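S.K.: Handing you this structure, nothing more for now.
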Amino acid sequence: MNHTAISSNRKMKGIAAAPGLAEGPSLRWHKENLHFERLSGKDPQQERQRIDQAVTRVQKDLSALRDKMRVENHADEAAVFDAHILMLEDPSLMKYIDGLLKKTINAEAAWMDGIQFFAEQLAALPDDTLQARSIDIIDAGSRVLSALLGVEKDHLFIISEPCVIIAQDLTPSETASLDKSKVLAFCIAEGGPTSHTAILARAYGIPAVVGLGESVLSLPDGTQMLVDGTSGQIIANPDQWTIQSFTQRKNMEEKKGAIEYQLAQEPAATRDGISVEVVANVSNSGEAESAIFYGAEGIGLFRTEFLFLKRQYEPSEEEQLQAYRQVLDVMEKRPVVVRTIDVGGDKDIPYLNLGKEDNPFLGWRAVRMCLERPEFFKVQLRALWRASQGHDLRIMFPMIATLEEVRKAKALLMEAHREVVQARHKVAEKIQVGIMVETPSAAIMADRFVREVNFFSIGTNDLTQYTLAADRDNPKVAHLGDPCHPAVLRQIKMVIDSGHAAGIWVGVCGEMASDPDAIPVLLGLGLDEFSMAPSAIPHAKYILRQWSTSQARQLAEQVLDLDSAASVRQRVRDFHVE
Ligand code: PEP
Ligand code: MG
């Protein structure tokens, strides 16, 4: 560790991504780098020896991981590691690789050619389970390749002490796989405030700053850090006075949070007595429990794609059913809006073989992929129907851009209903079906979409990126992607007005719903439901209670006419002062 290399109190400014203050030592997360060269003229015996050593080392690591999973009661994951250990010593694989080594190529090339060959053979089999094994063999094989190259593989990343994670960027599945009990904060060089890593950090209640730039990566492990996820500032190697004032502020914030928490279970009634629905965004039953803890009146967005991440195969209908039931059981009779799988964009799931795209956020994402894979999609829809029995489960389709898409999705939902009823499963008599309004096309055509659905939930994260043409993951354009921009607010108004004219409710489940500046504006526009990370609920309820609906309406009218997001935010703050 080299603390002398960094000056004292080194400040860096990034983008505030998940609120809160944290202090602790830094730890750099390294991504794997598995490039290798093809070499010839190598001694087959020596190269075989290198492979054997790498395989033994990986098998040892995998056994340790398997034992850890067993201790933590993750029997499924433990079984996967067991299968990987066996695969690595498959005699036919080794025989094939020996054949390649005879051509005097290097161990890395022979090993990966062998793995690729066996993966392709498996992928071509008619049996789905065997096909899925091809992903396992690539996963286990790439661990051996990392050992051959001397690169630490990311999923062997172990956090032993509570620390501030520093990374170039993190994918949602990498973030999900970290031991959150030891992560004090995230400091990310890339990313935008509504990237899914930021959203996950908020869901875990972990402060995060993104878009810090490359310089953050030069901090040596163990550097003392102060992270302010609310303002987006971090301080490396702080002096004693800075630590003292930061700790004071942290204590005050904690006290303020405790006061807001005391009223969290009460409804969010405005000054004129109108109750506004405040619900939670979750991706599993643990988060649903935390939603109840923080006073959620239901779930406004259950991101089901997280069930599909961190696995080797897609979850079966039964597995999905269990996962949905777990969340519904926690929520009892409260409404639960389940969003069908939204993959693509920044969420890749390797075993779904979605293919590489130049513009994934404009590509084969969410319902677009599901409609072209109806058998895959119907597994989820059947599981949802079965889970609906005895609960207020609502279904919502993401990334809808055209009326045809919503009609096709509803037709598949009805097909799934017929199949489930034919198989004699019990289902709820009626469920509400809605769409996420997150493309400008859906927002502009909201008056047509109302005929197809029971509700709208506005996905302001995507609606903002598509409206302002500003990639939500790119820190260089993060200043453009502000949901308080009048171009976004005007669309929200159109959606709410169209929804209300047709008698359907309208919510917001993007991060904007918990943005303190945006809350009074959304209230004034007549929003019915605010859906957000569980830990954000007490503060959002606190803000809603400060306003009367007539004041908020007045504010909303004013800001729609302004020129920029900055002037909207300023207007909200001035209005407070007045
Ligand atoms: C959104 O786009 O606002 C949204 C809630 O969906 P996601 O962030 O998962 O894309
Ligand atoms: Mg979205």
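S.K.: Using the scaling law 2.2 N^0.38 Å as the reference, what is the normalised Cα Rg of the stretch 470-547?
M.R.: Normalised Cα radius of gyration, the stretch 470-547: 1.15.
S.K.: Select from Val506, Leu544, Val488 the residue farthest towards the positive end of the dipole of the stretch 477-578; place +1 on Cβ of Lys and Arg, -1 on Cβ of Asp and Glu, and compute about the Cα centre.
M.R.: The residue sitting most towards the positive pole is Leu544.
S.K.: Rounded to the nearest Å, what's the spacing between the alpha carbon centres of the stretch 354-381 and the stretch 387-449? Just the number, please.
M.R.: Distance between centres, Cα-based: 16 Å.
S.K.: Let me see the P(r) profile for the chain: every Cα-Cα distance counted, bins of 20 Å, each bin given as a percent of all pairs.
M.R.: The distribution over the chain is 19, 50, 27, 4, 0, given as percents.
S.K.: If R0 is 35 Å, what FRET efficiency do you get for Leu217 and Gln49 from their C-beta distance, rounded to 0.05?
M.R.: 0.45
S.K.: Shifting gears a bit: Ignoring ligands, DNA and RNA, please state the percent of accessible area on the chain from carbon and sulfur, probe 1.4 Å.
M.R.: Carbon and sulfur together cover 52 percent of it.
S.K.: What fraction, in whole percent, of alpha-carbon pairs in the stretch 413-454 exceed 17 Å separation?
M.R.: In whole percent, the long-distance tail amounts to 48.
S.K.: Between Ala64 and Glu404, how high is the FRET efficiency from 1/(1 + (r/R0)^6) when r is the Cβ-Cβ distance and R₀ = 45 Å? Nearest 0.05.
M.R.: E between Ala64 and Glu404, to the nearest 0.05, is 0.30.
S.K.: Let me ask something additional. May I ask for the equivalent-ellipsoid semi-axes of the stretch 271-577, computed as the square root of five times each C-alpha gyration tensor eigenvalue and listed largest first in whole Å?
M.R.: 32, 22, 18
S.K.: What's the extension gain from Arg545 to Val477 if we count 0.36 nm per residue and subtract their Cα-Cα distance?
M.R.: Gain on stretching Arg545 to Val477: 21.1 nm.
S.K.: Provide the packing ranking of 232-244, 350-362, 276-288, 325-337, i.e. peptides ordered by the mean count of other C-beta atoms within 10 Å per residue, highest first.
M.R.: So the order, starting with the most tightly packed, is 276-288, 325-337, 232-244, 350-362.
S.K.: Between Ile243 and Leu560, how many nm apart are label points set 7 Å from Cα along the C-beta direction?
M.R.: 5.3
S.K.: Using the alpha-carbon atoms, what tilt in degrees (0 to 90, nearest 10) does helix 549-560 show relative to the longest principal axis of the chain?
M.R.: It is inclined by approximately 70 degrees.
S.K.: In square angstrom, what is the accessible area per residue of the chain with a 1.4 angstrom probe?
M.R.: Accessible surface, normalised per residue, equals 44 Å².
S.K.: Per residue of the stretch 467-472, what does 6.51 cos²θ - 1.76 cosθ + 1.60 with θ = phi - 60° give for ³J(HN,Hα)? Whole Hz please, x for Gly and Pro, Karplus curve as stated.
M.R.: Using θ = phi - 60°, the values come out as 5, 8, 6, 10, 3, 5 Hz.
S.K.: Out of every Cα-Cα pair in the stretch 370-444, what percent are more than 20 Å apart?
M.R.: 31
S.K.: If one puts a single equal scatterer on every Cα of the stretch 44-149 and applies the Debye formula without solvent, what log₁₀ I(q)/I(0) results at q = 0.13, 0.15, 0.19 Å⁻¹?
M.R.: Results for the stretch 44-149 at q = 0.13, 0.15, 0.19 Å⁻¹ read -0.48, -0.62, -0.93.
S.K.: So if I place +1 on the C-beta of Lys and Arg and -1 on the C-beta of Asp and Glu, and nothing else carries charge, what would the dipole magnitude of the chain be about its Cα centre? I want it in debye, nearest 20.
M.R.: Using only the charged Cβ atoms, the result is roughly 380 debye.
The values are calculated or read from the model by the stated rules, or taken from the named source; none is laboratory data. For clarity, every value in this text was computed on a predicted model and none was experimentally measured. As a convention, Cβ positions derive from the backbone with ideal geometry for all residues, glycine included, and neighbour counts pool all protein chains shown. With ligands, DNA and RNA removed, areas are computed over all heavy atoms of the protein, side chains included. Shrake-Rupley method; radii C 1.70, N 1.55, O 1.52, S 1.80 Å.
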